[in-house]
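Chemist: If you scroll down you'll find the structure; I have some questions about it.
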Amino acid sequence: MEKLFRTHTCGNLTQGDITKEIIISGWVKDIRINKFGIFIDLRDMYGTTQVIVKPDNGYYHEIKNVKVESVLKVIGTVVLRKNKDAKTANDMIEVVAKDIEILSNSINLPFVIKNDNTLASEELRLQYRYLDLRRPAMNYNIKFKHQVLSCLRTLLNQNNFLEIDTPCLTKSTPEGARDFLVPARIQKKNFYALPQSPQIYKQLLMISGIDKYYQIAKCFRDEDFRADRQPEFQQLDLEMAFTTSKEIKLIVENMIISLFNTLKIGNIPSTFSSITYDQAMDLYGSDKPDLRCTCKLINININNNSDGFIYKGFIVNDKMNETTIKKITEISNQHGGKTLIIYDLIKKKIIHNNSKVKFDDLVLAEEISKIKYNNFLIFVYEQQDVANKVMGAIRSFYINDLSKRINHKDFMNNIENFEFIWIIDWPMFEQEENKWQACHHPFTSPKNPEKLLDIKNKDLGTLTADAYDLVLNGFEIAGGSIRIHDYKLQKKIFELLDLSKTEIENKFGFFLSAFNYGVPPHGGIAFGIDRLLMILIKNESIRDTIAFPKNNRGICLLTNSPSEISSDQLSILNLEFKK
């Protein structure tokens, strides 16, 4: 007869099961011994059930020495619990053990996991990730992620999207980050690249006649690490033929609203507001502004400047001590700022000025008197783009750090809200190290395609892309655009990015070839699933939304990878890495 490990889970027993003989299996979450017997909290993924092993039970002495996180199979009778903690129906009952089998013993744990108040470092948690995932909070995250993905799939299926998978071994093409490369054994000295996104493939699907596509895709990017980045992550990709940016944004808004309503995540508006990229930078100093903070940047018109320099700042209610001044000065320096001025709005005097600019206090006071204020005005005197970046970074510092210790509702009065906003009308190109690059990617369509065909390199900064990012609470959670569907236009973009004819042919020849066979107007968007989940569960790192993540140095502490490979493996691949 086949062995039976359970008739019920540890989470679904109720008073309706009283007097029944049942079988449950799970991990020992906690064990307590007193004169009445051994009390075991037995846990599985569905919940916890209290099991009593009485002193006259034949297994008593064996179970007495069992360690937490050992795995047990219990055959017993369901009874009404005498000391009830009736938070759930499962708390009303307990199981009196008849037979117990130790299925697997555990040694002493490296850290406590029976609740979420673990003092273990993240490094230790990642090293023993299979233990960390047993903690209630991590278990919740994994289940919640499944619910979100399941809900998104259902919503997209109902809207006639087809789920189609695309290759993970593909061609290296420039998409904004470094590629992870995979040696091809049968093609010596050649490499596959792991996809940074399915961008080209999803456009090829549109050319293939697929009307609506989606995929929950694995993406790989070799870029600098931070709390909201991982070298591999999940991305929800959408692409549609014969569409407009307005239609794509409407579908996305409806999808998110349905997701929030279905999973009862929180209240959000029926439509999302939009601002242009230029407005976002001017008002918030960031292309991903956190609108939970009501503070906006202020342009201060102290005098007429013809050199491109401006006065820019914002007002904050804070204790402006030396530590705070030092910190925001460091932030200013990190973002290219050379000036930082702090004006006491109560005492009406400058308390910090690391610039060479001399101010007429009377003129300054007269200008600032027009502003509704509390304590301090922090501002800089810089060229416009630097001023925006510096003040945006200082604003973000207050949101992320100081707002946790400062109780001032005038600065952060919507901390529990989910604040969505579309950032539209992005620049088509941006300069980096005196070289023009695509602001999104080189397949993004300009808003005025006819203008681009005759444009000269010096005018590239004047072009606007038909691109849109969705921002939630200061994080970009999705980005998309209308794509180029004209052969001449796409080739022109590559040329403007200084790609030679040989480079264009080698990297994109197959893609441009498809443009000769009828390309529908199309566009799409991609969501960073793990980043979205991080915000929804109100966490500060996407590592807690991924089952087996890398640490902040790109290392998997569980498997100790990346790791060296043997000389035999190198020989098979015909590769040699010089140390």
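The values are calculated or read from the model by the stated rules, or taken from the named source; none is laboratory data. These numbers come from a predicted model, not from an experiment. Please note: Cβ atoms are built from the backbone with ideal geometry, for glycine as well, and neighbour counts cover all protein chains shown. The protein model used for the area step is the full one, side chains on, heavy atoms only, and it has no ligands, DNA or RNA in it. Shrake-Rupley method; radii C 1.70, N 1.55, O 1.52, S 1.80 Å.
Chemist: Could you pull out the residue among A177, A184 that is out of contact with any Leu (no Cβ under 8 Å at 6 or more places or on another chain), under 26 Å from L536 (Cβ atoms) and among the aliphatic types (A, V, I, L, M)? Don't jump to the end; show me each part of the working.
Modeler: Details: A184 fails: under 26 Å from L536 (Cβ atoms).
Going through A177, A184 in turn, just one is out of contact with any Leu (no Cβ under 8 Å at 6 or more places or on another chain), under 26 Å from L536 (Cβ atoms) and among the aliphatic types (A, V, I, L, M): A177.
Chemist: OK, next. In the stretch 477-493, is there at least one residue being surrounded by fewer than 17 Cβ atoms within 10 Å (Cβ to Cβ) and without any contact (Cβ under 8 Å) to a residue 24 or more places away in the chain?
Modeler: no
Chemist: Sticking with this one: Hey, could you check the stretch 215-260 for residues that are open to solvent by 30 Å² or more (accessible area, probe 1.4 Å) and acidic (D, E) and say which is farthest from F475 (Cα to Cα)?
Modeler: E247
Chemist: Among the candidates F161, F144, which residue alone is open to solvent by less than 60 Å² (accessible area, probe 1.4 Å), farther than 24 Å from K29 by Cα, of a type in the set (A, V, I, L, M, F, W, C) and at pLDDT 95 or above?
Modeler: F161
Chemist: Would you mind telling me which numbered condition in (1) of a type in the set (A, V, I, L, M); (2) touching a residue at least 60 places away in the same chain (Cβ under 8 Å); (3) closer than 16 Å to D466 by Cβ L250 fails?
Modeler: All conditions pass for L250, except number (2).
Chemist: Is there any pair with a first residue in the stretch 261-277 that is closer than 24 Å to D287 by Cα and open to solvent by 60 Å² or more (accessible area, probe 1.4 Å) and a second that is modelled with pLDDT of 90 or more and not acidic (D, E) whose Cβ atoms are under 6 Å apart and which are 6 or more apart or on different chains, and what are they?
Modeler: Listed by first residue and then by second, the contacts come to S273/I421.
Chemist: So R135 ticks every box in (1) of a type in the set (D, E, K, R); (2) over 21 Å from the mean Cα position of the chain (by Cα); (3) open to solvent by 80 Å² or more (accessible area, probe 1.4 Å) but one. Which box is left unticked?
Modeler: Only one criterion in (1) of a type in the set (D, E, K, R); (2) over 21 Å from the mean Cα position of the chain (by Cα); (3) open to solvent by 80 Å² or more (accessible area, probe 1.4 Å) is unmet by R135, namely (3).
Chemist: Let me ask something else. In the stretch 156-271, which strands (runs of 3 or more DSSP E) lie fully inside it and hold 2 or more residues that are polar (S, T, N, Q) and under 21 Å from the mean Cα position of the chain (by Cα)?
Modeler: Correct list: 232-241.
Chemist: Please work out which residue is nearest to S541 (Cα to Cα), limiting yourself to the stretch 106-136 and to residues that are in contact (Cβ under 8 Å) with a residue 40 or more places away in the chain and not in a loop (DSSP other than H, G, I, E, B). Lay out the reasoning, then the answer.
Modeler: To start, the set of residues in the stretch 106-136 that are in contact (Cβ under 8 Å) with a residue 40 or more places away in the chain comprises 106-109, 113-114, 122-123, 126-131, 133-134.
Now restrict to residues that are not in a loop (DSSP other than H, G, I, E, B): 122-123, 126-127, 129-131.
Numbers: E122: 11, E123: 14, L126: 13, Q127: 17, R129: 15, Y130: 18, L131: 19 Å.
So the residue we want is E122.
Chemist: I'm checking my understanding of the structure. Among residues of the stretch 441-468 that are out of contact with any helix residue (DSSP H, G or I) (no Cβ under 7 Å at 6 or more places or on another chain) and at pLDDT 85 or above, which one is farthest from T244 (Cα to Cα)? Don't jump to the end; show me each part of the working.
Modeler: From the stretch 441-468, those out of contact with any helix residue (DSSP H, G or I) (no Cβ under 7 Å at 6 or more places or on another chain) are 444-445, 447-448, 450-451, 454-456, 458-459, 461-462, 464-465, 467; that's our starting set.
The next check asks that each one be at pLDDT 85 or above; those that pass are 444-445, 447, 464-465, 467.
Numbers: T444: 13, S445: 11, K447: 12, T464: 16, A465: 13, A467: 11 Å.
Checked the stretch 441-468; the qualifying residue farthest from T244 (Cα to Cα) is T464.
Chemist: If you check S567 against the conditions, is it open to solvent by 70 Å² or more (accessible area, probe 1.4 Å), under 32 Å from the mean Cα position of the chain (by Cα), of a type in the set (G, A, S) and under 25 Å from K189 (Cα atoms)?
Modeler: no
Chemist: Which condition breaks for I572 when tested against (1) part of a helix (DSSP H, G or I); (2) open to solvent by less than 20 Å² (accessible area, probe 1.4 Å); (3) hydrophobic (A, V, I, L, M, F, W, C)?
Modeler: (2)
Chemist: Let me ask another. Quick one: how many residues across the stretch 315-329 are in a loop (DSSP other than H, G, I, E, B) and either at pLDDT 90 or above or open to solvent by 100 Å² or more (accessible area, probe 1.4 Å) (or both)?
Modeler: First, the residues of the stretch 315-329 that are in a loop (DSSP other than H, G, I, E, B): 317-321.
From what is left, the residues that are either at pLDDT 90 or above or open to solvent by 100 Å² or more (accessible area, probe 1.4 Å) (or both) are 319.
Going through the stretch 315-329 one residue at a time, the tally reaches 1.
Rundown of residues vs (1) outside any strand (DSSP E or B); (2) closer than 22 Å to L204 by Cβ, yes/no style:
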residue: V471; (1), (2): no, no
residue: I477; (1), (2): no, no
residue: G480; (1), (2): no, yes
residue: K488; (1), (2): yes, yes
residue: E495; (1), (2): yes, yes
residue: D498; (1), (2): yes, no
residue: G509; (1), (2): yes, yes
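Chemist: Please specify each residue of the stretch 522-555 satisfying the condition of being out of contact with any Pro (no Cβ under 9 Å at 6 or more places or on another chain), open to solvent by less than 10 Å² (accessible area, probe 1.4 Å) and under 22 Å from M255 (Cβ atoms).
Modeler: Passing the criteria: H522, G523, G524, I525, F527, I529, L533, M534, T545.
Chemist: Surrounded by fewer than 21 Cβ atoms within 10 Å (Cβ to Cβ), over 17 Å from Y130 (Cα atoms) and among the aliphatic types (A, V, I, L, M): does that describe L558?
Modeler: Working: surrounded by fewer than 21 Cβ atoms within 10 Å (Cβ to Cβ): yes; over 17 Å from Y130 (Cα atoms): no; among the aliphatic types (A, V, I, L, M): yes.
For L558, the condition - surrounded by fewer than 21 Cβ atoms within 10 Å (Cβ to Cβ), over 17 Å from Y130 (Cα atoms) and among the aliphatic types (A, V, I, L, M) - is not met.
Chemist: Buried (at least 20 other Cβ atoms within 10 Å of the Cβ) and of a type in the set (S, T, N, Q), is that true of Q199?
Modeler: Details: buried (at least 20 other Cβ atoms within 10 Å of the Cβ): yes; of a type in the set (S, T, N, Q): yes.
Considered against the rule, which asks whether it is buried (at least 20 other Cβ atoms within 10 Å of the Cβ) and of a type in the set (S, T, N, Q), Q199 comes out as yes.
Chemist: Inspect the stretch 458-470 for any residue being closer than 18 Å to L512 by Cα, open to solvent by 10 Å² or more (accessible area, probe 1.4 Å) and not charged (D, E, K, R) and give the result as yes or no.
Modeler: Looking only at the stretch 458-470, we keep the residues that are closer than 18 Å to L512 by Cα, and these are none.
Looking for residues that are closer than 18 Å to L512 by Cα, open to solvent by 10 Å² or more (accessible area, probe 1.4 Å) and not charged (D, E, K, R), one finds none in the stretch 458-470, hence no.
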